[in-house]
1. Could you tell me whether residue 139 is open to solvent by less than 80 Å² (accessible area, probe 1.4 Å), out of contact with any Phe, Trp or Tyr (no Cβ under 8 Å at 6 or more places or on another chain), closer than 23 Å to residue 311 by Cα and assigned to a helix (DSSP H, G or I)?
2. Out of (1) assigned to a helix (DSSP H, G or I); (2) among the β-branched types (Val, Ile, Thr); (3) touching a residue at least 24 places away in the same chain (Cβ under 8 Å), the odd one out for residue 568 is which?
3. Hey, does segment 704-711 have a residue that's surrounded by fewer than 16 Cβ atoms within 10 Å (Cβ to Cβ), over 23 Å from residue 388 (Cα atoms) and among the acidic types (Asp, Glu)?
4. Is it true that residue 320 is under 22 Å from the mean Cα position of the chain (by Cα), among the small types (Gly, Ala, Ser) and either in a loop (DSSP other than H, G, I, E, B) or farther than 28 Å from residue 227 by Cα (or both)?
5. Among the residues of segment 224-244, are any acidic (Asp, Glu), in contact (Cβ under 8 Å) with a residue 60 or more places away in the chain and within 30 Å of residue 130 (Cβ to Cβ)?
6. Filter segment 525-537 down to the residues that are outside any loop (DSSP other than H, G, I, E, B) and crowded, with 20+ Cβ neighbours inside 10 Å and list them by number.
7. Would you pick out the residues in segment 477-504 that are open to solvent by less than 30 Å² (accessible area, probe 1.4 Å) and touching a Phe, Trp or Tyr at 6+ places or on another chain (Cβ under 9 Å)?
8. Residue 218: in contact with a Lys or Arg (Cβ under 8 Å, 6 or more places away or on another chain) and open to solvent by 10 Å² or more (accessible area, probe 1.4 Å), yes or no?
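The values are calculated or read from the model by the stated rules, or taken from the named source; none is laboratory data. Keep in mind it's a predicted model, so treat the numbers as computed, not measured. Cβ sites come from the backbone with ideal geometry, for glycine too, and all protein chains shown count toward neighbours. Accessible surface areas use protein heavy atoms only, side chains included; no ligands, DNA or RNA. Shrake-Rupley method; radii C 1.70, N 1.55, O 1.52, S 1.80 Å.
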Amino acid sequence: MHPDELRPRQTEAAEPPEALDALADAEFTALGRRARRVEGLRKSTGKEVYTDDIVLPGMLHGKILRSTEAHARIASIDTTAAEAMEGVHAVITGRDMPLAYGIIPWTRDEHALCLDKVRFIGDAVAAVAAIDEDTANRALERIHVEYEPLPVYLSAEEALSDEAAAQPIHDPRKPDRNGNVLKHVHLEFGDVDARMAAADVTVEGEYFFHGTTHTPIEPHCAIARQNQNGLLEVWSSTQVPHYLHRELARVLDHDVAQIRVIQPAVGGAFGGKSEPFDLEFCVALLAKRCGRPVKILYTREEVFYSHRGRHPMKMSYRLGAASDGTLQALDAKTILDGGAYASFGLVTTYYSGQLLTSPCHIASYRFDSTRVYTNVAPCGPKRGHGSVQPRFAYEISLDKIAEKLELDPFEIRRRNFMGTGRTVNEFKVQSNGFLECLDAVERASDWKRRFRSMEYGRGLGVAASSYISGTNYPIYPNEMPQAAVQVQAERSGRVTVLHGASEIGQGSDSTMAYIACEELGVPLEYVRVFSADTDLTPVDLGAYSSRETVMVGNACAEACRALRAQIVGALADHWEVATERIVLARGWAFVRDSDDEAHRVPISEAFNIAEAKLGLLGAVGSYNTPKDVHGEYRGGTIGSSPAYSFTAHVAEVEVEPDTGFVDVKNIWIAHDCGRALNPTLVEGQIEGSAYMGFAEAIFEEQLFKEGTPEGGLHNAPSLLDYRIPTSLDCPEFEALIVESVDPEGPYGAKEAGEGPLHPSLPAIANAIYDAVGVRIDALPFTPPRVWAAIRRAAAESSRQDVA
């Protein structure tokens, strides 16, 4: 065979030779374009492989026995009858895994299976492995557990009482502390009392944010297998393979180098899979005991009980401003209902206050937040972790003070625009497109003509927010990079990217592929991306806090640029030209401003030239965060980030006063994402975020039954009863991209996956006020709640008329 016959055919995606000259001076040749997702076809055709799709030879099925008591001591567990059943291979209880675990090293308070006490209905008590799910379920019925009931605390108020302190849900961490308090944070910046006293106008409000959960399409699932060499392999629908890897080794006392965690495709997560769960430990131990693979798939009801969703918060806010509208002081007090375990609660407590200080500058600020244990399913991080609730209270407060000062809601936000620099709590902001976001939604919604001018029952509301592009520090302290990437170029023209980021639908695999295309000049179909396999890929900390684009993207860019330098250097020597004249773009390597046809070759030939000179072509890149972006006070690192995104929303509603039904017609969302590496992906993230905010405002509510004997039982643990909007229920979403280009982001990019959620809820609340003149400071905006508020307002107006 002639060597030329081995050369790969140039793909249809490669640019024709005559079009290359225009690429030489282009700022970007692959980024900023609307490109397909690398896994899009697999997902859209049903060919993607999720954890539950995996079937291993000899695989057993596991099930977990869950508590029927909200708070009780475990007097005894008898597993004899279950173990005697035909088809049952193993039964385990808490005694088999006595070490506590948790995502935050300082607040480990969970056990894979409860040891001596259950703390909510649904707590894991025992697990079985059997030949099939039916046998496993029957085995659960034969496990006999005797409980000694304890006082049940279903609200934060109950848990904070003196009576509860005597029999707390968890033992106190300090002798003088109520065991039901996980964390209390009190931080003050500036003289709040003095500035509040001097303010020309103040507003006060009591706000309530209900609990909501994630409702991913895919339930949690995990599979484990131990091979003959002792390697323990775990497949899981997790968002955090690295943290799961560490906790499995610690809890099971298994050499971490002898554990492999693989994350298959994930069918939705939104924060609900961003920590280890009981099923992952159970499958691992059961697989070790049985010598066979074991799978556990949560039922939908188990997903609801495992929860880790949005914390209910009760917020008392007081805001003061000068007569010109400049914000002088904010005093915030918040009680967080955390449910039965800590989860990310330590961080949530800080986030409930730390993330409010931009995009509007506040001269002084104080927040006091207390996260409380209760006997319901544990709360954790949901999209926009910890800051969606306070943003609801704050943005409504801004509108209230604007009305007192007779200012347009847009104007008060413009007058307090912080720009770049340091927030009042010392976070460093290096790019800020917030004013452009305001301009975009004001224009798109025709605000100036329509606000306060539509017929009764129709209204517009505005709200804004900012959010982090990754947490500045890892969950466990260390000096190693937060993200790393390996890149290889092969003589066929193929490029392989190996990274540890968790693709959960947000597009991280695609983003790394686009970066490889940009730096190495290959068509998208020449890029292979492998991610989230602890045996094959570098460490990444996981898909949480919108960290992947900035952190893994920077690492990928560094690796690809290092590899590009190798290739360009080899070509420059081969062609005897300066390296600055070499261009790699759209499937070609060529010399800028050269008419010599020999100076233009397919990218595969360029790789051949480089490999012949240098040997195997590969490079690595890593990223760690800057350390000058926060204050030095205790807690100053929590909420700090390499970059911050900014968002403004306008919502349009129609309210039926006779029923209280709120119909959200439109939501305009302008989001400053730094630079849109793929506008289609950014728009999808913007619209998806706004959808979730809209759903929480109008539909969703995580409720638990009160009183006895059902106290703590989930009110609606199914997708039939837990209301989430379908496409028929949704408003029109219009995503408006604003690009501010941040110096810390790859190519200037920032997050777009969580920040656009926050303003939806307060924008809808402010629109309801414009429509019918009533303030509703508690969520969700259900017809009964809205109708009652309208009736109260009408009754108050009648009393005033009589007086």
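1. no
2. With respect to (1) assigned to a helix (DSSP H, G or I); (2) among the β-branched types (Val, Ile, Thr); (3) touching a residue at least 24 places away in the same chain (Cβ under 8 Å), residue 568 is out only on (3).
3. Taking every residue of segment 704-711 in turn, at least one turns out to be surrounded by fewer than 16 Cβ atoms within 10 Å (Cβ to Cβ), over 23 Å from residue 388 (Cα atoms) and among the acidic types (Asp, Glu).
4. No.
5. Checking segment 224-244: not a single residue is acidic (Asp, Glu), in contact (Cβ under 8 Å) with a residue 60 or more places away in the chain and within 30 Å of residue 130 (Cβ to Cβ).
6. 526, 527, 529, 531
7. 482, 483, 484, 485, 489, 493, 495, 496, 497, 499, 502
8. Values: in contact with a Lys or Arg (Cβ under 8 Å, 6 or more places away or on another chain): no; open to solvent by 10 Å² or more (accessible area, probe 1.4 Å): yes.
Taking the combined requirement at face value, the residue does not satisfy it.
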